[in-house]
Structure formats: structure tokens, C-alpha cells
1. What distance in nm separates the two pseudo spin-label positions at SER124 and ARG2, each 7 Å out from Cα along the beta-carbon direction?
2. Assign one of three labels to the range 162-222, namely rounded, prolate or oblate, based on the Cα gyration tensor with a ≥ b ≥ c the square roots of its eigenvalues; rounded applies when a/c is under 1.5, prolate when it is not and a/b is larger than b/c, and oblate otherwise.
3. For each pair in LYS171/LYS242; LYS4/LYS236; LYS56/LYS242; LYS66/LYS236, compute the distance between the two Cα atoms and list the pairs where it is over 22 Å.
4. Return, ordered by residue number, the residues of the range 27-62 whose backbone nitrogen is under 18 Å from a label point located 7 Å along Cα→Cβ of ALA198.
5. What whole-number value in Å² describes the accessible area per residue of the range 1-139 for a 1.4 Å probe?
6. When you count, for each residue, the other Cβ atoms within 10 Å and take the mean per peptide, how do 122-130, 39-47, 178-186 rank with the highest first?
7. How many Å² of accessible area per residue for the range 164-252, probe 1.4 Å?
8. Going by the alpha-carbon gyration tensor, a ≥ b ≥ c the square roots of its eigenvalues, is the range 1-64 rounded (a/c under 1.5) or, if a/c is not under 1.5, prolate (a/b greater than b/c) versus oblate?
Amino acid sequence: MRVKNQILMILAMTTWGGAWVCGKAVSHDLNFQELAFVRFLLAFLFSVPPVLLFRKSLRIDNETIKKIIIGSLFYTVYSQFFFLGVARGSAGLGGLLVHTLIPIITFSATMFLSRIRIHLLEASGLIMGFAGTLIILRIWSIDLEQLLRTGNLFFLISAFLWSGLTINSEKAQEKVSIWVFSFYLNGFSAILQFLFAAPIGIGDLFPVTISFWAYMIYLSLFSSVLATAVYFYAAKLLGPHKASVFTFLVPTSTIILSWIFLKEIPETSTLIGGCISITAVYLVQYTKKPMANVAVISE
């Protein structure tokens with residue numbers, strides 16, 4: 001993977017780290033179904049400029065449409081559980097749970113579906129990433145009841161949904177640009193989510209507070225459109241299993257951001273866990289995947 005792509009992936013994971021904080025901030029402003037709809041609607045609108053800027057054709061075949069619709073189902077339910085989870089559980093704990101499990105689930109599913117062998121370095125990386133996150137989480141100080149609280153169970157389900165979406169994204173991009181894929185994915189997801197939000201009533205759907213819109217723009221533009229597009233494109237370049245390993249960086253990035261902007265000094269164990277997680281990503285990416293041509297994310 002080229003250095004430029006690696007930098008973009010690190011920035012994308014950092015953006016996702018901030019998304020958990022933003023999600024928690026708006027989780028009580030609206031019903032979780034309404035929040036998911038607002039996020040998808042804004043993400044769809046923000047998906048239009050890249051398509052126009054790069055002059056991408058929106059013509060796609062029926063097979064690709066089916067794949068994107070399936071992906072939209074995963075994405076819609078994932079987003080619902082995201083807002084439901086941060087409202088009832090811990091945003092920090094949830095982010096750690098989801099982004100720790102995503103690589104492990106994706107690797108397992110890819111090995112089963114595609115008959116891909118896992119290399120020693122990849123296995124070592126997965127184990128180290130899991131261990132690093134447990135250290136960041138300070139698992140020895142958390143009881144089982146806290147870990148399995150209702151809100152956090154939604155996060156566990158979210159990890160399986162995102163893994164399915166990751167694998168689906170690689171298949172759906174076989175014939176379309178990442179920006180066209182993002183356009184349709186967010187568009188179909190907005191339509192599906194509207195079906196869930198409409199029965200609740202959308203007459204007073206949009207709060208007028210500036211902070212609400214600032215958080216939602218971050219969640220839709222920077223997280224759902226830009227960062228997620230980088231991630232899905234990496235899934236196309238590297239395969240979903242290797243791209244998913246970058247999510248081990250999300251907890252570490254959240255800690256670094258809190259250190260810089262919130263002056264929250266991390267504990268020694270947290271720094272050790274973060275270093276282990278970073279090493280885990282390097283180990284998995286070090287294992288080469290045969291590729292005819294690796295492009296730079298610029299579509």
C-alpha cells in the first residue's frame with residue numbers, strides 16, 4: 001500500500017475516532033431513527049459534489065445495484081445501532097468494542113468465504129491488535145456486567161454488520177468508482193432509513209442548534225463520506241480483511257485527540273496498548289498481497 005494511501009487511512013481512522021464523540025453528543029437530541037436519517041440524508045447530499053467534480057457516470061448495472069442495496073441494509077441497521085448504542089452505552093467503550101472486533105470478524109469471514117490463508121504475521125497482528133485494545137480498555141478493571149450492558153450489546157452487533165458491509169463494499173466496487181458507490185450507498189440508505197423514521201414523525205425533525213448541525217456535518221461529511229470512502233476504497237485495493245485491520249487505530253487516535261484537544265493525559269497502560277495496536281497494523285500490512293496494480297486514492 002502506497003504511503004499516500006496509508007496516510008489517508010490513518011486520517012480516516014482518526015476521523016472515525018471523533019465520530020464516536022460526536023454521536024454521543026447528539027444522541028439525546030432526537031430519536032435514534034431520526035438521527036440516522038439526518039446523517040444519511042446529509043451524507044447523500046455531500047456525496048453529490050465528488051461525483052460532479054470527478055465527472056463520474058451514475059450508470060450502473062443490475063448486479064451492482066443489488067450489491068449496493070444489500071450493503072445499504074447493513075449500513076442502515078449499523079447506523080441505527082450506532083446511535084442507539086451511544087445513547088444507552090458508553091461511546092468510548094463502544095468504539096473500542098466495535099473497532100477491536102471488526103478486523104477479527106472480517107478476517108474470519110473472508111477466510112471462510114474466499115478460502116484465504118492467514119499468514120503468521122497476520123495472525124500475530126490480529127492477536128496483538130486485540131491485546132493492545134484490551135490494554136487500552138483496561139479490561140482488568142471492568143466487570144462483565146459493565147461490558148455487557150444493553151447499550152454495549154448494540155456495539156457488538158454493529159461489529160458484525162460493519163464487517164459484512166466491508167466485504168460487500170469490495171464486491172460492489174468491481175464496476176463502479178468509489179464516489180459512485182458512496183453516492184448510491186448513502187442514497188439507498190437514506191431511503192431505507194426514511195421508512196424507519198417516518199412513522200415517528202418528521203415534522204420537527206431538525207433541531208436548530210448550531211452545535212447539533214456542527215456534529216451532524218462532522219458525522220455525515222467527514223466521517224460517512226470522506227473517511228468511509230477512503231476505507232471502502234482500501235477494501236478494494238487490499239481486500240476487506242487487510243483494510244479492516246486499520247480500525248485498530250481508532251481507539252489510539254481517540255486517545256491522542258483527547259490528549260491534544262482535551263488535555264486528558266493518558267495512563268502508561270493506555271500508551272502501551274496504543275503502541276501495540278499500531279504495531280499490529282504494521283505487521284498485517286507488511287504481509288504482501290499479490291496485486292497487478294495498486295492505485296492511489298484519487299478517483
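The values are calculated or read from the model by the stated rules, or taken from the named source; none is laboratory data. The shown structure was predicted, so the numbers you read here are calculated from the model rather than taken from an experiment. Because the Cβ atoms are built from the backbone with ideal geometry, glycine has one as well, and the counts that use them run over all protein chains shown. Calculation scope for accessible area: heavy atoms of the full protein, side chains included, ligands and nucleic acids excluded. Shrake-Rupley method; radii C 1.70, N 1.55, O 1.52, S 1.80 Å.
1. 2.9 nm
2. Prolate, because a/c is 1.5 or more and a/b exceeds b/c.
3. In this structure, LYS56/LYS242 exceed 22 Å between Cα atoms.
4. Within reach of a label on ALA198, which here means backbone N under 18 Å from a point 7 Å along Cα→Cβ, the range 27-62 contributes 33-42.
5. Counting only protein heavy atoms, the per-residue value for the range 1-139 is 47 Å².
6. 178-186, 39-47, 122-130
7. Details: 2990 Å² over 89 residues.
Ligands and nucleic acids excluded, the result is 34 Å² per residue.
8. Oblate is the answer for the range 1-64, as a/c is 1.5 or above yet b/c matches or exceeds a/b.
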